[in-house]
Structures are given as structure tokens and as C-alpha cells.
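Shown next, in C-alpha cells, is the structure this report addresses.
The values are calculated or read from the model by the stated rules, or taken from the named source; none is laboratory data. What you see is a predicted model; the values in this text were computed from it and never measured. With ideal geometry, Cβ positions are generated from the backbone for all residues, glycine too; neighbour counts draw on all protein chains shown. Remember, those area values only see protein heavy atoms, side chains included, never the ligands or the DNA or RNA. Shrake-Rupley method; radii C 1.70, N 1.55, O 1.52, S 1.80 Å.
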Amino acid sequence: MLFANPGLKAKVWPTSNAYRGKTPSNPFGKCATKGGKKQLTLACSYMYGYARAYDDVTIRGAGRPAAYRWWLDVETGLSYQSNTAQNRAAMQGMITGLKAGGVRTIGLYSTVSQWKTIAGPVKSNSPLYGRSNWIALGRSTVTKARKACSGTPLPGGRIAMVQVEVPYGSGTIDRNVSCT
């Protein structure tokens, strides 16, 4: 699942803690409008993440979501806020939304650098902490991917898989190396 947090630019930015007949417990408080205007708050970022993830699982044809490992794909090529706390709130909402849709296993896909830019530091009591990692190395070799299995994981996690781009014909192809 692609992570994004476009903030107030989103056409579907939330204005409350309710979504599709559900009101998840929001650790950041109440998402609400102020003077009739949408607000970029941690609570609303959380609800944005919740709604996007819940829809991905329940509306977009993901049959038997509990049967698969889902990855939260965190990359700088997608929309995100400069305030990393806003992004972490949206990611936490995504984890809650995935779980509400029936997902049981959720990992994080990123690079250490992109994670630092988008999410910043993560506290040990965060739902983002300690998750399985799928680390992207970019253009590299399978040998280096195997070595990266013992590299630096995302906060509190364990590297489960490493992805590299290897030459293939006149281009490249992604190869994934299991670390388990």
C-alpha cells in the first residue's frame, strides 16, 4: 500500500473521526473543521491514513486480506508533509485502517534515508516501531542484497527482505532477497 499524505490538497481530506460508519479510536484526538475550514492536524492526518487504507482493503478488491503480508510503501516520490509528525500520524492511521479491513500482518517498505525524511524518529511505543522491513537498495547486486539483510533496519524492526535493481536486457528488473 502506497503511503501518501497530501494534507489539505487532498480532495477527500477528513473533517471528523467517523468514516464509513466506523469511528476508530484516534490517539491524536478529534479531527474537526475550524470556522468551516478543513484542518491539517495530527488527528486529521490519522483519519486520512485510516480512510485510504480501509478503502484499499475493503473496496479495491483485496479478497482475503488476512492471507497476505501487507507493506506500507514509504517513498519520497509520493506526497508527504515536511512535518514528519503529520506523516507518522497518517501511517499510524493506515495501520489501523488495514487492521479494521482484516489485515493481520503489516510491514514497512522503504530505504533508511527516505524513512528518515518522511517519518523521522519513531518512539518505541508507536505502532510503526518493530515491524518487519523490506529494504530497497536501488541498483545493486543480489550479493549486496544478502549482505544488507544484516544492515540497519527501520525503527525497532527486522529486515525480512531486500530489493535490488539488477541489469536485465537493456534495462533493470527488481529482485527480492529473503532475509529469513
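Computed quantities for the displayed model
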{"item": "Candidates Ser16, Ser45, Ser79 - the one that is of a type in the set (Gly, Ala, Ser), in contact with a Pro (Cβ under 6 Å, 6 or more places away or on another chain) and open to solvent by less than 60 Å² (accessible area, probe 1.4 Å)", "result": "Ser79"}
{"item": "Check on Tyr50, modelled with pLDDT of 95 or more and touching a strand residue (DSSP E or B) at 6+ places or on another chain (Cβ under 9 Å)", "result": "yes"}
{"item": "Pair list, Cβ < 7 Å and 6+ apart or interchain, from segment 1-12 residues that are open to solvent by 90 Å² or more (accessible area, probe 1.4 Å) to residues that are modelled with pLDDT under 95 and of a type in the set (A, V, I, L, M)", "result": "Leu2/Leu78"}
{"item": "Which numbered condition Val112 fails, given (1) modelled with pLDDT of 95 or more; (2) touching a Ser or Thr at 6+ places or on another chain (Cβ under 7 Å)", "result": "(1)"}
{"item": "Among the candidates Lys22, Lys38, residue that is basic (Lys, Arg), modelled with pLDDT under 95, open to solvent by 40 Å² or more (accessible area, probe 1.4 Å) and at negative phi", "result": "Lys22"}
